[in-house]
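Working notes, beginning with the structure itself.
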Amino acid sequence: MSFFRTTVSAGIVAILFVGLFLGFIFGLALPAIVSSKSERVMSYEEVAAQSAVQEAAKIAVTFGVNSPEYGLAYETLPGVEKYDGPGIARSMPLGTKEVWMSWMKNNRSDSPVFLDQRWDLAMKFVDTKELKHEADVRAFLLAPREHFVRDFNRGKEYMDTWLSIGYGATITDPDVVAMMTTTLDIQPTDRVLEIGTGSGYQSAILAYLSQEVYTIEIIKPLFIETDKLYRDLEKSYPAYGSINRKLGDGYYGWEKYAPFDKIIVTCAIDHIPPPLLKQLKEGGTMVLPLGPPGRQYIMEVKKTATADGVTLSRRDVYNGLHVKFIPFRDEAGTSYSSAPGPEI
Ligand code: SAH
């Protein structure tokens with residue numbers, strides 16, 4: 001009997017041991033090996049070597065956000081490299097197209113070819129009231145869209161339309177950029193958060209409105225590409241050196257620097273992300289493309305403190321017209337809206 005019991009216990013111990021071993025292999029070791037592979041960081045050279053358009057479909061799902069090189073909080077140091085973008089904007093003469101162009105030629109390194117087109121587009125938005133505040137007009141006039149439109153779209157820099165930037169993402173139409181920017185009514189002391197860095201164009205405008213711009217992008221190769229673009233442009237446009245950028249999921253905002261006076265969301269979602277609402281200052285404004293996949297309204301959301309807490313007010317700033325932004329996605333590439341959005 002005792003021999004039998006000993007054998008049974010030895011058998012149980014052996015089974016437990018094998019179980020633990022297999023558990024270790026499948027539960028810990030294998031996932032670690034697999035994930036360390038999927039999180040390999042692409043070098044700038046590799047990213048550059050791949051045509052953005054051809055590789056878009058493959059790359060869009062390879063987010064791998066937690067890499068050591070470009071980790072979740074890759075960021076420039078706020079407060080260290082501040083540049084007075086709003087100050088530069090205020091010092092620029094507006095008067096007439098000629099006065100403005102001659103100041104730009106003497107003081108900025110923009111190619112004169114685009115100045116004419118940029119002025120005309122800005123004045124069109126002043127007429128349509130898509131640019132309402134003088135500060136917004138100045139910021140729009142200072143941001144060189146031609147550097148943010150990608151090479152495969154040369155010739156379309158100042159067309160009033162969205163354009164592909166690869167990776168399934170787009171640079172937003174100039175009029176929608178203008179309208180969303182004007183809705184925020186940004187003051188130089190405002191801390192502003194953008195979700196969806198994309199081409200970098202929207203934050204380039206924000207950098208002439210506030211010295212405290214924060215932007216988050218989730219697609220790693222796109223983040224790297226735009227980060228490099230800012231670093232290159234920084235030599236001629238120092239304002240871009242003070243844009244704080246992060247690789248990560250913007251659904252959760254940027255807790256470390258919250259609260260924000262203004263938040264601009266540039267990807268489509270059918271609800272207001274609660275973490276963003278939480279990180280919006282009381283008295284603050286958020287603008288976002290809100291609605292079901294393929295059909296959103298540009299919504300202004302104001303958060304106001306009241307005696308019994310906080311109230312939210314919403315306003316459609318595009319008078320019922322709808323827009324089609326690319327979907328707000330999580331790290332796995334799944335849309336945060338209840339149904340997946342159409343691909344662009
Ligand atoms: N403001 C950009 C718009 C780019 S399109 C521009 O004018 O160029 C929208 C961007 O939102 C895409 O780059 C997309 O990758 C990004 N995006 C989608 N989901 C995101 C998320 N969860 N966090 C951060 N960015 C996101």
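Condition check ((1) within 16 Å of the chain's Cα centre (by Cα); (2) among the hydrophobic types (A, V, I, L, M, F, W, C)) across all residues:
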residue: ASP261; (1), (2): no, no
residue: VAL265; (1), (2): yes, yes
residue: ALA268; (1), (2): yes, yes
residue: PRO273; (1), (2): yes, no
residue: LEU288; (1), (2): yes, yes
residue: GLU300; (1), (2): no, no
residue: VAL317; (1), (2): no, yes
residue: GLU331; (1), (2): yes, no
residue: SER335; (1), (2): yes, no
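Whether a residue is among the small types (Gly, Ala, Ser) and surrounded by fewer than 21 Cβ atoms within 10 Å (Cβ to Cβ) was assessed, and ALA268 does not pass this test. Taking each residue of the range 255-284 that is within 13 Å of the ligand (Cβ to nearest atom) and looking for partners that are among the charged types (D, E, K, R) and not in a helix (DSSP H, G or I) with beta-carbon atoms closer than 7 Å, six or more apart or interchain, yields ILE264/GLU194; THR266/GLU194.
Figure legend. Inter-residue proximity from the range 106-124: first residues more than 16 Å from VAL137 (Cα to Cα), second residues open to solvent by 70 Å² or more (accessible area, probe 1.4 Å), beta-carbon distance below 8 Å, spacing 6+ or different chains. Indicated pairs: PRO112/LYS105. Filtered by the rule that a residue be under 18 Å from the mean Cα position of the chain (by Cα), open to solvent by 20 Å² or more (accessible area, probe 1.4 Å) and charged (D, E, K, R), the range 134-147 gives no residues.
Residue-wise test of (1) at pLDDT 90 or above; (2) buried (at least 17 other Cβ atoms within 10 Å of the Cβ); (3) more than 27 Å from LEU131 (Cβ to Cβ); (4) aromatic (Phe, Trp, Tyr).
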residue: TYR251; (1), (2), (3), (4): yes, yes, yes, yes
residue: GLU255; (1), (2), (3), (4): yes, no, yes, no
residue: PRO274; (1), (2), (3), (4): yes, no, yes, no
residue: THR285; (1), (2), (3), (4): yes, yes, no, no
residue: GLN296; (1), (2), (3), (4): yes, yes, no, no
residue: LYS302; (1), (2), (3), (4): yes, no, no, no
residue: ALA307; (1), (2), (3), (4): no, no, yes, no
residue: PRO342; (1), (2), (3), (4): no, no, yes, no
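Being under 30 Å from THR304 (Cα atoms) and within 11 Å of the ligand (Cβ to nearest atom): is that true of TYR214 here? Steps first, please.
Details: under 30 Å from THR304 (Cα atoms): yes; within 11 Å of the ligand (Cβ to nearest atom): no.
Judged against the criteria, TYR214 is not a match.
How many of the residues making up the range 91-117 are farther than 18 Å from LEU233 by Cβ and touching an Asp or Glu at 6+ places or on another chain (Cβ under 9 Å)? Within the range 91-117, residues that are farther than 18 Å from LEU233 by Cβ and touching an Asp or Glu at 6+ places or on another chain (Cβ under 9 Å) number 4. It is to be established whether one or more residues within the range 224-232 are open to solvent by less than 10 Å² (accessible area, probe 1.4 Å), within 14 Å of the ligand (Cβ to nearest atom), touching a residue at least 24 places away in the same chain (Cβ under 8 Å) and touching an Asp or Glu at 6+ places or on another chain (Cβ under 8 Å). The answer is yes, given that some residue of the range 224-232 is open to solvent by less than 10 Å² (accessible area, probe 1.4 Å), within 14 Å of the ligand (Cβ to nearest atom), touching a residue at least 24 places away in the same chain (Cβ under 8 Å) and touching an Asp or Glu at 6+ places or on another chain (Cβ under 8 Å). Scanning the range 226-284 for residues that are in a loop (DSSP other than H, G, I, E, B) and within 22 Å of VAL323 (Cβ to Cβ) turns up THR266, CYS267, ASP270, HIS271, ILE272, PRO273. Scanning the range 192-200 turns up at least one residue that is more than 9 Å from the ligand (Cβ to nearest atom) and either under 15 Å from the mean Cα position of the chain (by Cα) or open to solvent by 20 Å² or more (accessible area, probe 1.4 Å) (or both).
Would you check which residues across the range 148-181 are polar (S, T, N, Q), assigned to a helix (DSSP H, G or I) and either open to solvent by 10 Å² or more (accessible area, probe 1.4 Å) or near the ligand (Cβ under 9 Å from one of its atoms) (or both) and list them? Within the range 148-181, ASN153 is the sole residue that qualifies.
The values are calculated or read from the model by the stated rules, or taken from the named source; none is laboratory data. Small disclaimer: the values here were computed from a predicted structure and weren't measured. Because the Cβ atoms are built from the backbone with ideal geometry, glycine has one as well, and the counts that use them run over all protein chains shown. Surface areas here come from the heavy atoms of the whole protein model, side chains and all, with no ligands, DNA or RNA. Shrake-Rupley method; radii C 1.70, N 1.55, O 1.52, S 1.80 Å.
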